[in-house]
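I have placed the structure first, in the form of structure tokens, so that the comments after it can refer back to it.
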Amino acid sequence: MPLPKPKQSDVDKMEQKIPTQPIIDFASNDYLGLARCKNQHALVQSAYNNICSNTNVQHQPTLGSAGSRLLSGDSKLARSLELQLANIHNRQASLLFNSGYDANLSILSSLPYNEDDCIVMDELVHNSLVMGIRMSRLNKKRVVMFKHNDVNDLKRVLEKVASRPVSSTLVVVESVYSMDGDVAPLKEILELAKEYNVGVMVDEAHGLGVYGKTNLHDLKSNINNVDCNDHTTNIEETTRGGTGVLAALNLEHHSSLFCSIHTFGKAAGCHGAVVAGSNTLISYLVNYARPFVYSTALPTHSLVTIQQSYESMMGNVGEDRRKKVFQLVRLFREKMLDGIDILKQEYSNSDFELLPSPSPIQAIVVPGNEQCISVCQYLRNTGNLDVYPIRSPTVTKGKERIRIILHSHNTENEVNELTTMIIQSLRKLMSNTNDKKLISKL
């Protein structure tokens, strides 16, 4: 059977040459730099060595768990970590998964089981959430999208759903969206869900480690006019930072919060994910979530790495690195907004745009796949800057963008160089475009 041709938007990163010199990271999701931190590696190895040398351990840790959690892959360490994570995220229980993708597939493929159930999703939710629904028994007609982050449109949809026979309804959103970098109005969404007596599932993949109770100001700041000096807060020793947007907004105990998913492959700098929710939900997933039931469990080393990542994210290391990240976010936005304004003054037909985002995910709209690719190639080849184009149909046609991720391991000089080169490349693009238009008229 012949394989289908890949879509134009598909990026085969395996075809890209491995750089011969260090490339400046503006692409990975390692927001706090924990994945590359030598001190973090040492902490993990030390904790792992302590477990391996403990003669009281009945079964010595192996390189792999060698079985699913329901068979030989379970362990006291996994169970104690789940209890710890449930406590951290202020829920009754939690369940570990091998990835955030597995966690989302598990919930949405197994939960909707009545023909009258309904799923209401933000139109920009991650592919894993969409695929989870496709794997479920739910009729496609029972899945309704609402406009991105639009609470009024969500209300319209919930009113429509309420007018039909429905067993139960689940609203599915993310806390921080990976392509736009914007933050969901979670408080308004949860309050509206309470009004209509429905539950809300929140994917915190890009919120974990980045936001928390200690940096609420970074969540609420006026992203287009930020006073860089007006961002201080008193951090109490008993307050844990970095546990997500729900924690920052004090919404973890909200009656409409059905569950939250916290992915470790981003700011936590490791691998896996956890679903935090009620005892009933976790018990249900243990028995019915296929990606959990039929996957080999995470090995001991992964469990230790997750544990140490939370220690760092919630401690002084995480606090210091979050401050650094958001200083760079403010610097980047200030420089880019000024540069784009100048371009618009120079070229009246300039349609470049910096999307509104308070998070480390920043996106510059460069309409057209070819133009977006050419800018990224210029940045990589000329500036040794690791950036990638996000092309249609991954994003809406005309909204192709350069996706920039800012990290604690980036420097102010690197950010200044990045913004300068982006403006240079956009100016060249406009000059070439205008020259072509002029030639075509001759």
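Overview of values
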item	result
Scan of segment 182-216 for residues that are acidic (Asp, Glu) and over 16 Å from His126 (Cβ atoms), ordered by number	Glu188, Glu191, Glu195
Selection from segment 144-203 of residues that are at pLDDT 95 or above, among the β-branched types (Val, Ile, Thr) and in a helix (DSSP H, G or I)	Val151, Val157, Ile189
Subset of segment 79-93 (residues that are open to solvent by 10 Å² or more (accessible area, probe 1.4 Å) and either in contact with a His (Cβ under 7 Å, 6 or more places away or on another chain) or among the polar types (S, T, N, Q) (or both))	Ser80, Gln84, Asn87, Asn90, Gln92
Residue that is surrounded by the fewest Cβ atoms within 10 Å (Cβ to Cβ) [pool: residues in segment 282-292 that are under 25 Å from the mean Cα position of the chain (by Cα) and closer than 21 Å to Arg134 by Cβ]	Arg290
Set Ile342, Ile423, Ile364: member being among the aliphatic types (A, V, I, L, M) and either in a loop (DSSP other than H, G, I, E, B) or within 25 Å of the chain's Cα centre (by Cα) (or both)	Ile364
Verdict on Ile119 being of a type in the set (Val, Ile, Thr) and in a helix (DSSP H, G or I)	no
Meets criteria (buried (at least 24 other Cβ atoms within 10 Å of the Cβ) and either touching a residue at least 60 places away in the same chain (Cβ under 8 Å) or farther than 17 Å from Val202 by Cβ (or both)) for Gly315	no
3 or more residues under 18 Å from Leu81 (Cα atoms) and modelled with pLDDT of 95 or more: qualifying helices (runs of 4 or more DSSP H) within segment 206-312	279-288
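The values are calculated or read from the model by the stated rules, or taken from the named source; none is laboratory data. None of the values given here were measured: they were computed from a predicted structure. Neighbour counts are summed over all protein chains in view; Cβ atoms, including those assigned to glycine, are modelled from backbone coordinates with ideal geometry. The accessibility values were calculated without ligands, DNA or RNA, using every heavy atom of the protein model including side chains. Shrake-Rupley method; radii C 1.70, N 1.55, O 1.52, S 1.80 Å.
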